[in-house]
Structure formats: C-alpha cells, structure tokens
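Undergrad: Just dropping this structure here.
The values are calculated or read from the model by the stated rules, or taken from the named source; none is laboratory data. None of these values were measured; they are calculated from a predicted model. Here the Cβ positions follow ideal geometry from the backbone for every residue, glycine too, while neighbour counts run over all protein chains shown.
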Amino acid sequence: MEYKIDTTIVFKNKVNGFSISEKRKIRRFIELFAEGGFKKIDNYQIQSYRVRNKSSDNVNKDDAAFIEKVSYAIKHKLWHYHAGFYNVNNEYQIDNGYKLSEKNDLVSQWLIHYQKLSNSHIVLVDIMPHPPFNLLAIKVL
C-alpha cells in the first residue's frame, strides 16, 4: 500500500524553526507513516514502550469547552502523536523527550497534530506543546 502525507504551511513554518534534533523526531514520524501507515505508527516503541498516538476527540470531560473541542476534532478528523522533544526540567528522560504515562505508554510535551483523511492519507497541520491541549487553536483547511 502507498501512503500519502501532505503538510500545511503552518506546519512547515513551525518545523523550519526547530533544531536538527527536533526535526529528526518529526522526520521519524513521517518515515514511520510512509513505511507502514498507522500499523507502523501505533506499534512504534522506544525502550519497549509504545509512543502514544490517538484521536484528538478524547477530551477531558471536565474541560469547559468539552463539546466544542470534541465536535471540532471529529469534524476535522484530528489526531495527535507525541513528538518527543524539548525535555523541560529533565522530566522527559526517555529518548530525551518522553516520559512513561500512567497508561504505560510514552508521552511528551510536544504534539504533532494531523488530519486522518483515510488509513493511507494524512495531513500534518500543526505542532505545539501541551498542556494546555489547545485543540481549537489548530487551523485546518
């Protein structure tokens, strides 16, 4: 199967401002998808732990904008992948950008936001830190 990856100008502009180290991790995500789509991304592991990749409609129910955020994520088919960089206060020690979550997978401060148009086609739309999970700030076409 052939996999297609498009990028928005917002995504490209943000990536241009990153260092070589961060660009390598972004490229790792792109290469994983190009090699095997979601099967490859969803099963990617570092030190025997899976890196978190999930639909962005999984919003905390206590969020004041819960309905708006869930609707926005569903409407625009938004997903996010934990990019694994910017090790703030040395709390993300695994692969210098990840930490083990309570769900036993790897999470990071920075997220790659993308649209899942199909199982073989994604659009990289933004890349930003969290918390907060500022889903409504993501501009999609």
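Undergrad: Go through (1) in contact with a Lys or Arg (Cβ under 8 Å, 6 or more places away or on another chain); (2) closer than 16 Å to Ile127 by Cα; (3) modelled with pLDDT of 95 or more for Asn16 and report which single condition fails.
TA: Every condition holds for Asn16 apart from (1).
Undergrad: Next up: Checking the structure you have, find out if any residue of region 2-20 is of a type outside the set (Asp, Glu), touching a Phe, Trp or Tyr at 6+ places or on another chain (Cβ under 7 Å) and under 22 Å from Lys99 (Cβ atoms).
TA: No, there is no match, as no residue in region 2-20 is of a type outside the set (Asp, Glu), touching a Phe, Trp or Tyr at 6+ places or on another chain (Cβ under 7 Å) and under 22 Å from Lys99 (Cβ atoms).
Undergrad: Here's another thing I want to ask about it. Show the residue pairs that are 6+ apart or on different chains and have beta-carbon atoms under 9 Å apart, the first residue being within region 19-44 and closer than 18 Å to Lys116 by Cα and loosely packed, with under 13 Cβ neighbours inside 10 Å, the second being aromatic (Phe, Trp, Tyr) and modelled with pLDDT of 95 or more.
TA: Glu35/Tyr3
Undergrad: Looking only at region 97-109, which residues are surrounded by fewer than 22 Cβ atoms within 10 Å (Cβ to Cβ) and either under 13 Å from the mean Cα position of the chain (by Cα) or in contact (Cβ under 8 Å) with a residue 60 or more places away in the chain (or both)?
TA: Val107, Gln109
Undergrad: Suppose we filter region 39-82 for residues that are assigned to a strand (DSSP E or B), of a type in the set (D, E, K, R) and within 13 Å of the chain's Cα centre (by Cα); how many remain?
TA: Residues in region 39-82 being assigned to a strand (DSSP E or B), of a type in the set (D, E, K, R) and within 13 Å of the chain's Cα centre (by Cα): 1 in total.
Undergrad: Name every residue in region 129-141 that is without any contact (Cβ under 8 Å) to a residue 40 or more places away in the chain and in contact with a Phe, Trp or Tyr (Cβ under 9 Å, 6 or more places away or on another chain), in order of residue number.
TA: Passing the criteria: only His130.
Undergrad: Also, quick follow-up: Just checking, which of His113, His121 is surrounded by fewer than 17 Cβ atoms within 10 Å (Cβ to Cβ) and of a type outside the set (A, V, I, L, M)? Lay out the reasoning, then the answer.
TA: Details: His113 fails: surrounded by fewer than 17 Cβ atoms within 10 Å (Cβ to Cβ).
His121 is the lone residue from the list that is surrounded by fewer than 17 Cβ atoms within 10 Å (Cβ to Cβ) and of a type outside the set (A, V, I, L, M).
Undergrad: Being farther than 17 Å from Phe18 by Cα, at pLDDT 95 or above and acidic (Asp, Glu) is the requirement here; does Glu91 meet it?
TA: no
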